[in-house]
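One structure is given below, encoded as structure tokens.
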Amino acid sequence: MIAEPLINSADTITTKTLEISIGPQHPSTHGVFRMDVVLDGEVVRALKPVVGYLHRNHEQLAEKISWLGSMPYTDRLDYFNSMSNNWAYALAVEKLAGIKVPERAECIRVIMAELSRLQNHASAIGFLLQDCGAWGTPLLYAFKEREKILDFFETVSGSRMMCNYFRFGGVRVDLNDAMLAMARKIVAEFPKFLDEFEKLMTTNEVVLARCQRVGILPRELAIAGSVSGPVARASGVEYDIRKVDKYGIYDRLEFGVPVGRIGDVYDRYYIRVLEMRESVKILQQVLRDIPAGPVQAVEVKLRGFKIPAGDGYGRVEGPKGELGFYLVSEGGPKPYRYHIRPPSFINLTVLEDMCVGHKVADAIIILGSIDIVLGEVDR
Amino acid sequence: MIPTSEQLCAAVPGVVIEIVPSTLAAAQPAMLVDREHLVAVARYLKNEPSCQFEFCSCVTGVDYLAKGFIEVVYHLYSVALKHGPVILKVRAPRELDQCHVPSLTPVWRGCEFQEREVFDLYGVKFDGHPDLRRILMWNEFTDHPMRKDYVPPADYEWEPTPHDEVLKRAKADGGIMPPSALATEVKK
Amino acid sequence: MIDESLKSELQKQGVFVVSTEWLYNWGRKSSIWPLQFGLACCAIEMIAAAAARYDLARFGAEVFRATPRQADLMIVAGTVTKKMAPQVVRLFNQMPEPKYVIAMGACAISGGPFKDGYNVLKGVDRYIPVDVHIPGCPPRPEALLHAIITLQEKIAGQHIDRTRWYDAEAKTEFPIPVCSEHDLLPAANPEVWQPPKDYRDVTNEESVKKL
């Protein structure tokens, strides 16, 4: 569809805007995501995201199955890091029901979540650099590290991606010494990968030319738009739920929270690299100090699990942002209402503001820098 | 600090606030606000220096079929003062022509997509929303699927051992699924 | 048909004797180019299969084409929703013959874990013909490699004088469903999908007792 003509002020050429749709099948849209873009030449004048192509009505399904039966479905939300999704749901249920988690289980949860964050950020910047045009090489390096972490997840839980490992009150199986040795090996080798990656990418002139000053998100807009996670922190919002809510054992661990200044695509890339370094620090501390003990709270019944009536909201700092679950219980074995607060969906609110005025190629890398996953956007 | 309901009643004249408790363990009581004063309460919570709830984290719609209303729940946090959550609830009747609440998108921009989702799945209209249209289902869809009384179309998979609802539907459809499902007209 | 010992004698001299059909199928099966079409979680395992560890390229799938006009194979990886179904069928129609479809994962075969959904299409084979199904949720990358090998065996068994694409009356394009007020219309394509043959009439009490 063509809008009204615009007169180019420099000469007497009459131009018109063009409305095209990028997606839902597109090599760079990270899934079935569509953007209706109004273009003036190559410059984006308006952009409307269209979602719902992967709406699998997870929330309605959860009302029909038991509390624990929804745990495998949470794996499939943000399908890159199933461990963080499991933790968010387990945390929300434990908050609602008042279940205390034993110490060793908390440590194991942190190990799983931080390993998940490592492989998510590595893949995210691999995909971002592929959108910039680095045809596959950074992605393959990132996937090499990811395969090591997935092998560990498979040894622990039986599945590479859809782990279904967390339970209300703990985790499903304990980690033996061989598994802990595997985890320590991954953590020992990860800084070398980061150094290699940074040497190739961080001061690379193509990355600097394409990513700096592109897609700037101002701090006030980030807060007003409910943006969370690395995208918000790159814009200067000092908010990390691990430090604010202090869930799990995060209040006893020493780690920093990197915060950016400008909020362009380069900041969002670099903040993920810095967050990976902080995750390595956390993992080193937990793997050194993990105590012995049970991994499941004994008072939790696995069959016939019920929660007293009421509602509650629990959230974690997932790798993509604040992942929260709002649960309403009527005292029965199934949830009455099960709602997911998806970080990727809400981060898309500000996509138009970031892209207007840039070229189409920049719009693609801005979308890549937000790091969306359609399983979470559409649920 | 978290404002009390007395403080809000003093700040926004005429508002009616009811405290709705949550479970004992969660300890997250919510404030049920009437529709007329919702925007005023929201602006107060955002702008008041002791509150500064400038981050709206989550917007949820809940359908209470037995009680006859749909509730919209807002969870608010503060980035500057690092406290929260404050939970606001507002109720609307279930009938489609009366089901509307004021939109909080002018106060918090992040509510935009989430309110569109509540409209799409529950049918709640938000007055003052800049762009209220469906977001997850396609535009020609007319139902509101997350409502408790929604009946999905007769497109169930044939199951070797039909039981409960699938068996009831199969019998109601005349026992044989294929002719109705493969038709090109709508059968509800 | 050539004697096997004669064939191997000739091979030692550097002369290969094959049928045209074998050569035709060998060329086609060794260079299947997939369409880059990941929908959901299975897409990540597809990318992992194409990455360095499981390397799909050594089976001929060298490049994933972004446009259907240049692709031979559509790997439907992930849940097909009713909103996306018209686009899936449209993309299938745009692929030139010979074309193949692999349904990867439980969701593409039958709706998978999301079968009870109001927006989930219960199997992509309701609208387009599928050649290979891969069960799993998600299937491992090795399973996708096994599916490519199975497809290669299927292609090797196709006959050059009885192919679909040289037949003037055969269908290569399928009607695209329309998103209407309550559901997709039609809910399935009767030429492509029929319910299983041993369906029992559930209004008949006798047959229900046997279930």
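The values are calculated or read from the model by the stated rules, or taken from the named source; none is laboratory data. Predicted model only: the values in this text are computed from it and were never measured. We place every Cβ from the backbone using ideal geometry, glycine too, and count neighbours over all the protein chains shown. Surface accessibility is based on the protein's heavy atoms, side chains included, excluding ligands, DNA and RNA. Shrake-Rupley method; radii C 1.70, N 1.55, O 1.52, S 1.80 Å.
Assorted remarks:
- Taking every DSSP bridge with both residues inside the protein assembly as shown, close to 75 percent are antiparallel.
- Helical contribution to [θ] at 222 nm, DSSP H n ≥ 4, -39,500 (n - 2.57), averaged over chain C, rounded to 500: -9000 deg cm²/dmol
- With R₀ fixed at 41 Å, the C-beta to C-beta distance from residue A:302 to residue A:192 puts the FRET efficiency at about 0.50.
- Label separation (residue A:178 vs residue A:334): 4.1 nm, computed from points 7 Å beyond Cα along the C-beta direction.
- Modelled label positions at residue A:40 and residue C:143, each set 7 Å beyond Cα in the direction of Cβ, lie 5.1 nm from each other.
- Per residue, the protein assembly as shown exposes 40 Å² of solvent-accessible protein surface, assessed with a 1.4 angstrom probe and all protein chains in place.
- Residues along region C:73-91 losing 50 Å² or more of accessible surface when the other protein chains are present rather than the chain by itself (probe 1.4 Å): C:83, C:84
- Taking the centroid of alpha carbons for each part, region B:16-56 and region C:41-108 are 48 Å apart.
- With a cut-off of 14 Å on the backbone N, the residues of region A:98-126 near the modelled label site 7 Å out from residue A:292 along Cα-Cβ are A:104.
- Kyte-Doolittle at least -0.5, axis length at least 18 Å by Cα - qualifying DSSP helices, chain A: A:82-97, A:103-132, A:137-157, A:177-201, A:265-289
- Normalised alpha carbon radius of gyration of region A:172-249 [divisor 2.2 N^0.38 Å]: 1.60
- Shielding of B:103-112 by partner chains, average beta-carbon count, 10 Å: 4
- Sorted largest first, the spans of the alpha carbon positions of region A:1-142 along the three principal axes are 74, 39, 23 Å.
- Contact-buried residues of region A:280-321, at a threshold of 20 Å² lost accessible area versus the chain by itself: A:311, A:313, A:315 (1.4 Å probe; DNA, RNA and ligands ignored).
- Computed label-point distance, nm, for sites residue A:140 and residue C:163 using a 7 Å Cα→Cβ extension: 3.2
- Basic side chains Lys and Arg get +1 at the Cβ, acidic Asp and Glu get -1 at the Cβ, and with that the dipole of the protein assembly as shown about its Cα centre reaches some 1100 debye.
- Candidates A:79, A:130, A:178 compared by Cα position along the dipole of chain A: farthest toward the positive end lies A:178, with charges placed on Cβ.
- Cβ neighbours within 10 Å from other chains - mean over A:216-229: 4
- Among the residues of region A:152-194, those with an accessible-area drop of 30 Å² or more from chain alone to full protein complex, heavy atoms and 1.4 Å probe, are A:160, A:161, A:162.
- Estimated [θ] at 222 nm from DSSP helical runs (n ≥ 4, -39500 (n - 2.57)) normalised by residues in chain A, nearest 500: -14000 deg cm²/dmol
- Note: chain A, Cα convex hull, 141 Å³ per residue.
- Top of A:63, A:19, A:205 by mean-square fluctuation, Gaussian network on chain A, Cα under 10 Å: A:205
- For the protein assembly as shown, diffusion coefficient by Stokes-Einstein and Kirkwood Rh (Cα), 4 °C, 1.567 mPa s, µm²/s: 46
- Within the accessible area of region C:31-210, the carbon and sulfur atoms contribute 52%, probe 1.4 Å, all protein chains present.
- Counting all C-alpha pairs of region C:31-210, share separated by more than 26 Å (%): 34
- Calculated FRET efficiency for the pair residue A:353/residue C:156, C-beta based, R₀ 51 Å, to 0.05: 0.40
- The stretch between residue C:178 and residue C:90, if pulled fully straight at 0.36 nm per residue, gains 30.5 nm over its current Cα-Cα span.
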